[in-house]
Amino acid sequence: MKRTKLYQLLAGRLSEKRRFLQVLTGPRQVGKTTLVRQVMESLEIPSHYASADEPSLRDRTWLEQQWETARLKASSSGEAVLVIDEIQKVSQWPDIVKFLWDSDTHSGKNLKVVLLGSAPLLLQSGLTESLAGRFETIAVPHWSFPEMREAFGYSLEQYLYFGSYPGAAELSGDPQRWRRYIADSLVETTISRDILLLTRVDKPALLRRLFHLSCEYSGQILSYQKMVGQLQDVGNTVTLAHYLHLLSGAGMVAGLQKYAAASVRQRGSSPKLQVLNTALMTLCDPRSLEETRNDHDRWGRLVESAVGAHLLNSCAGSDIEVFYWRERNLEVDFVLRHGNKTVAIEVKSSSRKESLPGMETFAKQFHPHRLLLVGGQGIPLEEFLSSPAEYWLQ
């Protein structure tokens, strides 16, 4: 299945006469490589694909050889596309790419380059330090509910419970096998190869425990001091904040900041833990779909986490920000902000009538563009998960 908007965006950019490095970033197994290969097949110009996801290949000579292969194709046809997958595995890749890219620019070679990576934080750091003004990014987030429904026939309940990893969808009929796949091929591979192998982490065990804690408490606000207590570790709060940032950059879990008028207050707030794919919540809980559905509190947290993951994933690559808000015992589940527009969102997993004092107080204090109730007697959950975040800001 083509992820149509992303496909059209990349194909359009590679068809333009102007040259920019195209950088695709996103978590593991969300279809970055498949997307690029589909675009390569559709273009009427030669292309060359290479992956750096092997330890023996991560050096300057290998990258120069791949570049030269693509240059030869460009020389014979006037232009060509070079795709380097897992570029962050090549040591000192930003400086090498800068040198090769600038050499082509000066000599007039029309080589169009696409870089892929599953460690967005590392990619962004290398791009801004060495390749400023030479690149455009395309964020490839986790799959949406409509994509999983179209490709695998997922119902809403299946999407909430099994999440949205396309590679695991065919295993959902065998929950034990599905859990092993998520744990081994996604979680462990991401932590060991995209975080620990490429970033300095002094306490790997603490990072792993923080990941599991974030999945267990997804949808809940937890101060870093309380996290220290839960994790039973002497690690300080700065270390935990850094590790949560690494996990967020790998597309696993995030810590939403509190909405406030002053940015300083936002940065100093306790985070609201949020998985970026609800499969990570289910992985850590042995209950079946039916058992989870019958647990009202657990199902409510799964629904709220699915909404939060949807908002963060649909905002990926945009300047829309996602927050939560709380004042004493009053709370708003999610707040979207784009420029001077804000949208407050409350999530309900049942149809029972309940007052929303948090929304009322937030409205009086901040005058949002829109107040949304999702689920219950508000916008149907299926409809909300089928619309990108930007839709609600219009």
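The values are calculated or read from the model by the stated rules, or taken from the named source; none is laboratory data. What you see is a predicted model, and the numbers here were worked out from it, not measured in a lab. Note that each Cβ is placed from the backbone with ideal geometry, even for glycine, and that neighbours are counted across all protein chains shown.
Tabulated data for the structure shown
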| quantity | calculated |
| --- | --- |
| Test: residue in region 326-347 that is touching a strand residue (DSSP E or B) at 6+ places or on another chain (Cβ under 8 Å), more than 30 Å from Phe135 (Cα to Cα) and surrounded by fewer than 17 Cβ atoms within 10 Å (Cβ to Cβ) | no |
| Failed item in (1) touching a helix residue (DSSP H, G or I) at 6+ places or on another chain (Cβ under 6 Å); (2) within 30 Å of Arg208 (Cβ to Cβ); (3) not assigned by TED's automatic domain parsing to the domain that holds Val83, with Leu156 passing the rest | (2) |
| Any hit, region 344-366, residues being in contact with a Pro (Cβ under 6 Å, 6 or more places away or on another chain) and more than 15 Å from Ser269 (Cβ to Cβ) | yes |
| Output for region 326-368, where each listed residue is of a type in the set (Phe, Trp, Tyr) and either more than 22 Å from the chain's Cα centre (by Cα) or at pLDDT below 95 (or both) | Phe362, Phe366 |
| Hits in region 61-85 - residues which are surrounded by fewer than 15 Cβ atoms within 10 Å (Cβ to Cβ) and within 16 Å of Asp102 (Cα to Cα) | Glu64, Glu68 |
| Scope region 162-179; condition part of a helix (DSSP H, G or I) and loosely packed, with under 14 Cβ neighbours inside 10 Å; matching residues | Glu170, Gln176, Arg177 |
| Selection status of Gly126, at pLDDT below 95, at positive phi and assigned by TED's automatic domain parsing to the domain that holds Gln66 | no |
| Checking Val264 against (1) on the phi < 0 side of the Ramachandran plot; (2) part of a loop (DSSP other than H, G, I, E, B); (3) at pLDDT below 95, the condition it does not meet | (2) |
| Enumeration of residues in region 202-239 that are modelled with pLDDT of 95 or more, among the small types (Gly, Ala, Ser) and assigned to a helix (DSSP H, G or I) | Ser214 |
| Candidate set: region 27-60, residues that are in contact (Cβ under 8 Å) with a residue 60 or more places away in the chain and assigned to a helix (DSSP H, G or I); chosen: the one surrounded by the fewest Cβ atoms within 10 Å (Cβ to Cβ) | Thr33 |
| Residue match in region 88-95 (condition: of a type in the set (S, T, N, Q), assigned to a loop (DSSP other than H, G, I, E, B) and at positive phi) | yes |
| Failed item, numbered, when Gly339 is tested on (1) under 26 Å from Leu6 (Cα atoms); (2) in contact with a Lys or Arg (Cβ under 9 Å, 6 or more places away or on another chain) | (2) |
| Filter result (assigned to a helix (DSSP H, G or I), closer than 24 Å to Gln176 by Cα and hydrophobic (A, V, I, L, M, F, W, C)) within region 279-308 | Ala279, Leu280, Met281, Leu283, Leu289, Trp299, Leu302, Val303, Ala306 |
| Glu136 assigned to a helix (DSSP H, G or I) and surrounded by fewer than 21 Cβ atoms within 10 Å (Cβ to Cβ) | no |
| Filter result for Arg287 (of a type in the set (D, E, K, R) and modelled with pLDDT of 95 or more) | no |
| Only one of Ser75, Ser51, Ser47 that is modelled with pLDDT under 95, more than 27 Å from the chain's Cα centre (by Cα) and either more than 24 Å from Leu197 (Cα to Cα) or assigned by TED's automatic domain parsing to the domain that holds Leu115 (or both) | Ser75 |
| Residue check, Gly317 modelled with pLDDT under 95 and either out of contact with any helix residue (DSSP H, G or I) (no Cβ under 6 Å at 6 or more places or on another chain) or not in a strand (DSSP E or B) (or both) | yes |
| Verdict on Thr342 being under 27 Å from Trp178 (Cα atoms) and of a type in the set (Ser, Thr, Tyr) | no |
| Every pair of residues 6+ apart whose Cβ atoms lie under 7 Å, when the first sits in region 267-287 and is without any contact (Cβ under 8 Å) to a residue 40 or more places away in the chain while the second is outside any loop (DSSP other than H, G, I, E, B) and among the basic types (Lys, Arg) | Ser269/Lys258 |
